[in-house]
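K.L.:
First the structure, then my questions, so here it is.
The values are calculated or read from the model by the stated rules, or taken from the named source; none is laboratory data. Keep in mind the model is a prediction, meaning the values are calculated, not measured. So basically every Cβ, Gly included, is an ideal-geometry build from the backbone, and we count neighbours across all protein chains shown.
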Ligand SMILES: Nc1ncnc2c1ncn2[C@@H]1O[C@H](COP(=O)(O)OP(=O)(O)O)[C@@H](O)[C@H]1O
Ligand code: SF4
Ligand SMILES: [Mg+2]
């Protein structure tokens, strides 16, 4: 019986993965490819990770590495005819890729919610902010409109919108960019989602507001034991928030592990580059930032070897041209810590300790 047929009969198409430690979210070999006029775009190409309740996974990587597409995939928001999605997404014991889209839709809001980079993509222009939060709340709670409105005002207050009892009747276009961002966050958090995906939630906000929003997410997590995925290019946010870290490059995971391990003993040349090139809240010597040379690979016609090869200062170290022809797989480099590089472990340890770490 095919996966589809099994799903149609309501049977799980595949068995839940056994190596998850009871994670709330387990993603296995997720692939999201887009059929475009220019060719097949392999935006996400075999990504796996787990997120436990009460914990935060940080996803980092340059623009275009597949972070947003990964999160939209988890939310089941890639059902267009041009998106080819495969792999498994297990949320609290339920597999979502093969599931009925209506079932997945019912999970959105309460079981999982997402804060987008761009609030306008999440808010409807013709309804007041309050109406939208009330609607989002009433989908999952049998309460009167009056009660839901009270909840909306309370949420707007919690995300730091002044005079929330007045602003609740405003329309998205009447809000400034920062206020609109907060209103969208209020909408995403209104149902206390068990999984929250925050995609660059604070990029457009100033530092003070950013800190407030991160506090709010932390409070939600503490109060309800939510699992959080924090997508950001700010390593300071990750250092502060994330328990685990996933580094993406060219639609793949090149390194993942406990945040502490990845920060203190990174084992992939791309991660070294990121650490040297990304701003950190906890470090003000921005003059020492060294950008990674070159640009990320095109996700159409991805090269057969290591995708980082053209930009990697160490590409010639692994022998026999292997980095140009063979894709490196993730191998264990520490406790729960994985990296995908052909270079020998000891060599990487040596380069990190002697050449990279002293300069950071
Ligand atoms: N609907 C789509 N159709 C075709 N390509 C897409 C689509 N959505 C995203 N992509 C491509 O997938 C790649 C990864 O995008 P994205 O996940 O948004 O990157 P990130 O969030 O890491 O900046 C990009 O090259 C982007 O152009
Ligand atoms: S496999 Fe080769 S090119 Fe890729 S990161 Fe490792 S050393 Fe660099
Ligand atoms: Mg993005």
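K.L.:
Quick check: is even one residue across the range 114-125 under 14 Å from residue 193 (Cα atoms) and away from ligand 2 (no atom under 16 Å from the Cβ)?
P.N.:
Yes: one or more hits.
K.L.:
Can you name the condition, by its number, that residue 276 falls short on among (1) in contact with a helix residue (DSSP H, G or I) (Cβ under 8 Å, 6 or more places away or on another chain); (2) at pLDDT 90 or above; (3) away from ligand 1 (no atom under 16 Å from the Cβ); (4) not in a loop (DSSP other than H, G, I, E, B)?
P.N.:
Condition not satisfied by residue 276: (2).
K.L.:
Just to be sure I understand the filter: pairs with C-beta atoms under 9 Å, separated by 6 or more residues or on different chains, first member in the range 195-210 and more than 25 Å from residue 108 (Cβ to Cβ), second member within 16 Å of ligand 1 (Cβ to nearest atom). Which pairs pass?
P.N.:
Partner pairs satisfying both residue conditions: 209/202; 210/201; 210/202; 210/203; 210/234; 210/237.
K.L.:
Given the conditions (1) in contact with a strand residue (DSSP E or B) (Cβ under 6 Å, 6 or more places away or on another chain); (2) touching a residue at least 60 places away in the same chain (Cβ under 8 Å), and given that residue 83 satisfies all but one, which numbered condition is not satisfied?
P.N.:
(2)
K.L.:
Report, by residue number, each residue of the range 324-360 that is in contact with a strand residue (DSSP E or B) (Cβ under 7 Å, 6 or more places away or on another chain) and either under 29 Å from residue 301 (Cβ atoms) or within 16 Å of ligand 3 (Cβ to nearest atom) (or both).
P.N.:
So in the range 324-360, the residues in contact with a strand residue (DSSP E or B) (Cβ under 7 Å, 6 or more places away or on another chain) come out as 330-334, 336-340, 345.
Of everything in the range 324-360, those that are in contact with a strand residue (DSSP E or B) (Cβ under 7 Å, 6 or more places away or on another chain) and either under 29 Å from residue 301 (Cβ atoms) or within 16 Å of ligand 3 (Cβ to nearest atom) (or both) turn out to be 330, 331, 338, 339, 340.
K.L.:
Still on this model: Quick one: residue 144 ticks every box in (1) modelled with pLDDT of 95 or more; (2) crowded, with 20+ Cβ neighbours inside 10 Å except a single one, so which number is it?
P.N.:
(2)
K.L.:
Are there any pairs with C-beta distances below 7 angstrom linking a residue in the range 336-349 that is at negative phi and near ligand 2 (Cβ under 9 Å from one of its atoms) to a residue that is modelled with pLDDT under 95 and assigned to a helix (DSSP H, G or I), with the two at least 6 apart or on different chains, and if so which?
P.N.:
342/322; 342/323
K.L.:
While we're looking at this one, here's another question. Look at residue 259 and say whether it is within 16 Å of ligand 3 (Cβ to nearest atom), under 16 Å from the mean Cα position of the chain (by Cα) and at pLDDT 90 or above. Full working, then the answer.
P.N.:
On the way: within 16 Å of ligand 3 (Cβ to nearest atom): no; under 16 Å from the mean Cα position of the chain (by Cα): yes; at pLDDT 90 or above: yes.
No; evaluated as a whole, the condition is false for this residue.
K.L.:
Hey, among the residues in the range 30-88 that are at positive phi, more than 11 Å from ligand 1 (Cβ to nearest atom) and assigned to a loop (DSSP other than H, G, I, E, B), which one's surrounded by the most Cβ atoms within 10 Å (Cβ to Cβ)?
P.N.:
Checking each candidate, the answer is 76.
K.L.:
Could you count how many residues in the range 302-325 are near ligand 2 (Cβ under 9 Å from one of its atoms) and either without any contact (Cβ under 8 Å) to a residue 24 or more places away in the chain or over 27 Å from the mean Cα position of the chain (by Cα) (or both)?
P.N.:
The qualifying residues number 12.
K.L.:
For the range 89-128, which positions are within 16 Å of ligand 3 (Cβ to nearest atom) and not in a loop (DSSP other than H, G, I, E, B)? Give the steps one after another, and end with the answer.
P.N.:
Taking the range 89-128 as the starting set, the residues that turn out to be within 16 Å of ligand 3 (Cβ to nearest atom) are 114-122.
Once the filter is applied, which keeps residues that are within 16 Å of ligand 3 (Cβ to nearest atom) and not in a loop (DSSP other than H, G, I, E, B), the range 89-128 yields 114, 115, 119, 120, 121.
K.L.:
Let me ask you something else. So, in the range 320-335, exactly how many residues are assigned to a loop (DSSP other than H, G, I, E, B), modelled with pLDDT under 95 and closer than 19 Å to residue 46 by Cα?
P.N.:
2
K.L.:
Then there's this: I need the full set of residues from the range 93-107 which are in contact with a helix residue (DSSP H, G or I) (Cβ under 9 Å, 6 or more places away or on another chain) and either crowded, with 16+ Cβ neighbours inside 10 Å or touching a residue at least 60 places away in the same chain (Cβ under 8 Å) (or both), in order please.
P.N.:
Initially, the range 93-107 is screened for residues in contact with a helix residue (DSSP H, G or I) (Cβ under 9 Å, 6 or more places away or on another chain), giving 94-100, 106.
Scanning the range 93-107 gives 95, 96, 97, 98, 99, 100.
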